[in-house]
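Structure first, then comments.
What follows draws every value from the coordinates through simple rules; no lab data is involved. No experiment lies behind these values; they were computed from the predicted model shown. Here Cβ is always computed from backbone atoms with ideal geometry, including for glycine, and neighbour counts include all displayed protein chains.
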Amino acid sequence: MPIGTQSIEFLNQLEIAELELLNWGLVDGFFDERELETKADEFLVTIQSRGEAPVCTDGWQLLETLLDARLLWRIPGTRRYRTRMAEAVRLFSRLRQIFPDRNWQAWRSSPNLVADYRLQVRPRLYPLREVDSQTLIERLKSAVPIAALQEDVFRALIGSGAGQKRLLRQFQCRAAERILRATREGRASGTIVSAGTGSGKTLAFYLPCFAVMAPHVSKEHWTKCIALYPRSELLKDQMREALANTKSLAPVLAAAGKRKLVVAALYSDVPYNTQAVVTNEAWPPLNVRGLRAHECPLVRCPSCNGKLAWLVKDIESETERLVCSECAVTIESDEIRLTRVRLLREPPDVLFTSTEMLNQRLSASRFSPLFGIGLRAERRPLFVLIDEVHAYEGTHGAHVAFLLRRWRRAADATCHFVGLSATLADAPRFFSDLLGIGAGDVSEIAPDPEELAPEGAEYLLALRGDPASGTSLLSTSIQSLMLLRRILERDYRTDLGNRVFSFTDNLDVVICLVSSSIATVIRQRYHGPRSHCCAPTRASFPLKK
Ligand SMILES: [Zn+2]
């Protein structure tokens, strides 16, 4: 039986009961089977007394639902149970450092990696989903003129949410209205969308962005949106989402006699030409259903999150086409750019790149048209998306602020800047300082407190490394991230958590770059290449060549 709201409500009750001990640092607590069954039966009685129909016939069935989803866990060889949350806290607090060349049996005598922890569990507040596509279109029409093609774009994007009709949040509608209106003004302006992780900031941008771009799609290729990311890992994740969106827009554009929207990435893993793929270490060889191929490091399958591969026969015929190694999805050459040569010849509609790459290539005359420099006014970018705006503070933020000013001057750009940020005090001022445009031209869009509703739980766990044991904080970070990855779901289609992102201290950017590659190597050794990449936090070990 799938996990539903009743099972989640019961799980919340179990976790609250476990917190009493966990908050005291006692991680070995458990429920015995009888106690758990009684709790489940009592929960079902409460459900009935509220006038709701229980989804399970008895308490044990409810427990089995949680056990099947591995949200409840039986301690091997016993009739004792813990929730996944409590078991995770226990594992985190017991992390130890073992080297493979030592005796693996030495686990108990190996040094501790975690000295102490603090745990906070609270309901997660999400903006309510309450607006359907028709309501959105009517609201937008009353504010700005909308073409029929743009209406179809909204319907296609909103209708494409994970197999069922997607409802929008109020702040996403306000963002769409603001962005559509601002792009008609013909001068540089900004919108900063501030909302919690996972609450739909990205869609708040791409909905109006695709709607504005759609009428401009023609046989001519030029960059309409530059999406800037502080890290390539985030870039890959967002590019996958964008590919899913452009795929769902393809029929709408075809019906209007237009080509598909094209996305592309530009960063170190993008090969110069097709010949460079074969020797590029970032594109390792892969066998796809008996065919020789190279694994694409730029993006994963928009449908199943599996590896995408460039078949050797396609590389040889210079066809920039990707096939999924796990499902039947293909990314055709009219949907993506894979080499720099083609990227420059036929720029994508949406270019995913990093601030570092923009800085490196801004002055290169070959690359400048890709960024809208030296082009006539109607071929310059319409949007610049800046994700993780809060990452641009301090010295690094000052460099990026100068970079954006240089780009604006060079491209003579009057585009609309959209920033996405999770937490930022006085976001409009911060964003206007970063862009170098007046604070009056920047608006903030965020969910109102009354639009937020509790949904599931959020877990804040702070781990303290153990300096007395002689281990480094880097080891604690790496082991914690590896553990976290294993605790989460393998299947990305579930709502129960499946991705790990790691953010590091701004001061240690250089060390983190080195240590993140170390982390990747270690992780691949233990878990194979399926694991997601994450960078560990501050390192305090001597770096050797
Ligand atoms: Zn796939």
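Among the trypsin sites (Lys or Arg not before Pro) in segment 180-249, those placed in a DSSP loop whose Cβ has at most 11 other Cβ atoms within 10 Å are Arg184, Arg187, Lys219.
The stretch between Gln61 and Arg289 holds 78.1 nm of extra length on full extension. This uses 0.36 nm per residue minus the Cα-Cα distance.
Our compactness index for segment 271-338, the C-alpha radius of gyration over the empirical 2.2 N^0.38 Å, is 0.98. Using the alpha carbons alone, the radius of gyration of segment 302-341 stands to its Kirkwood radius in an Rg to Rh ratio of 0.96. Legend: residue pairs Lys141/Lys236; Lys141/Lys260; Lys247/Lys313; Lys260/Lys313; Lys201/Lys236; Lys141/Lys224, Cα-Cα distance threshold 27 Å; pairs beyond threshold, Lys141/Lys236. Antiparallel beta bridges, as assigned by DSSP with both residues in the chain, represent about 50 percent of the total such bridges. Each principal axis of the chain carries a Cα extent, and these read 73, 63, 51 Å when sorted largest first.
Taking the fewest neighbouring Cβ atoms within 10 Å as the starting point, the ordered list for Thr423, Thr476, Thr355 is Thr423, Thr355, Thr476. Shown in residue order for segment 192-205 are the 3J(HN,Hα) couplings computed by the Karplus curve 6.51 cos²θ - 1.76 cosθ + 1.60 at θ = phi - 60°: 10, 9, 10, 7, x, 4, x, 9, x, 5, 4, 5, 4, 8 Hz (x for Gly and Pro). Helix-derived [θ] at 222 nm for the chain: sum -39500 (n - 2.57) over DSSP H runs of at least 4, divide by residue count, nearest 500? Per the formula, -12500 deg cm²/dmol. Charge dipole (Cα centre; +1 on Lys/Arg Cβ, -1 on Asp/Glu Cβ; no other charges) of segment 29-160 amounts to roughly 820 debye. Quick one: angle between helix 394-411 and the longest Cα principal axis of the chain, in degrees between 0 and 90, rounded to 10, please. Helix 394-411 and the main axis of the chain meet at about 30 degrees.
Rounded if a/c is under 1.5, else prolate if a/b is larger than b/c, else oblate: which is segment 156-267, with a ≥ b ≥ c the root eigenvalues of its Cα gyration tensor?
Because its axes are fairly even, with a/c under 1.5, segment 156-267 counts as rounded.
When the chain is described by a simple charge dipole with +1 on each Lys and Arg Cβ and -1 on each Asp and Glu Cβ, the residue from Leu26, Ser49, Ala425 located farthest towards its positive end is Ala425. Taking a straight line from the alpha carbon of Lys219, these aspartates and glutamates sit under 16 Å away, with near neighbours fewer than eight places off in the same chain left out: Asp334, Glu335, Glu346, Asp349, Glu378. Out of the trypsin sites (Lys or Arg not before Pro) in segment 360-407, which ones are loop residues according to DSSP with at most 10 other C-beta atoms within 10 Å? Qualifying residues, ordered by number: Arg366, Arg376.
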